[in-house]
1. Could you list, in sequence order, the residues of the stretch 131-142 that are surrounded by fewer than 17 Cβ atoms within 10 Å (Cβ to Cβ) and either outside any helix (DSSP H, G or I) or β-branched (Val, Ile, Thr) (or both)?
2. Restricting the stretch 77-126 to residues that are among the acidic types (Asp, Glu) and crowded, with 16+ Cβ neighbours inside 10 Å, which is farthest from Arg27 (Cα to Cα)?
3. Can you name the condition, by its number, that Lys25 falls short on among (1) without any contact (Cβ under 8 Å) to a residue 60 or more places away in the chain; (2) exposed (fewer than 14 other Cβ atoms within 10 Å of the Cβ); (3) farther than 22 Å from Ser130 by Cα?
4. Quick check, is Lys148 of a type in the set (D, E, K, R) and part of a strand (DSSP E or B)?
5. Among what's in the stretch 92-128 and is farther than 18 Å from Asp22 by Cβ and hydrophobic (A, V, I, L, M, F, W, C), pick the residue that is farthest from the chain's Cα centre (by Cα).
Amino acid sequence: MVVLIDYENISRQAIMEGKILDFKKFRDELLEIGNIDFAFVFIYPDMFYGLPEITDLGFEIIACPKRTVETYKIEDTVDIHIIRIGLKLLRYKEITDIVIVSNDRHMAEIIKEAKNHGKTVHLFGTKSVSSSLKKILESSDLKEIPLKEN
């Protein structure tokens, strides 16, 4: 199984509820699904120090710096990194399941591709999951991410 976590997206909603992601409980839920081959947490570099010790739980951190585009607008690169890495990992037949942790509609691309490759998709989000994501998944494939008090 491959796990791709859009940390900024999920944490933003959790913080509004006064909570944070419960990585230990989440890892335990993942292990009920199957073996975790890769688990990546995509973050902005300035969020790194606010994370608990998640590497001890088997999660790898991937820092995704913001970039300036030609209009001098600052652009988020987290979604780009998640999609790029996720699409590459879909090529491996040994990977049967993909877990996406995000509320973001941009994840629709990787979900559709995963289904085209015959992968089982699990989406974990908060109450604010994009309606476009809900449309392309069965309700049983959509789960609420475990949160805990901050």
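Read-outs: derived from the displayed coordinates by stated rules, not from any lab. What you see is a predicted model, and the numbers here were worked out from it, not measured in a lab. Positions of Cβ are generated from backbone atoms using ideal geometry, with glycine treated the same way; all protein chains shown enter the neighbour counts.
1. Across the stretch 131-142, the qualifying residues are Ile136, Glu138, Leu142.
2. Here is the first cut: in the stretch 77-126, the ones among the acidic types (Asp, Glu) are 79, 94, 97, 104, 109, 113.
With the extra rule that they be crowded, with 16+ Cβ neighbours inside 10 Å, the set shrinks to 79, 97, 104, 113.
Working: Asp79: 22, Asp97: 15, Asp104: 21, Glu113: 24 Å.
Per the criteria, the residue is Glu113.
3. For Lys25, the failing item is (1).
4. On the way: of a type in the set (D, E, K, R): yes; part of a strand (DSSP E or B): yes.
Yes; evaluated as a whole, the condition is true for this residue.
5. First, the residues of the stretch 92-128 that are farther than 18 Å from Asp22 by Cβ: 92-98, 104-121.
Filter once more, keeping what is hydrophobic (A, V, I, L, M, F, W, C): 95, 98, 107-108, 110-111, 114, 121.
Numbers: Ile95: 16, Ile98: 10, Met107: 9, Ala108: 12, Ile110: 11, Ile111: 11, Ala114: 14, Val121: 12 Å.
Checking each candidate, the answer is Ile95.
Okay, residues lined up against (1) surrounded by 15 or more Cβ atoms within 10 Å (Cβ to Cβ); (2) touching a residue at least 60 places away in the same chain (Cβ under 8 Å); (3) touching a strand residue (DSSP E or B) at 6+ places or on another chain (Cβ under 9 Å):
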residue	(1), (2), (3)
Ser11	yes, no, yes
Ile20	yes, yes, yes
Leu30	yes, yes, yes
Ile36	yes, no, yes
Phe40	yes, no, yes
Tyr44	yes, no, yes
Leu51	yes, no, yes
Asp56	no, no, no
Pro65	no, no, no
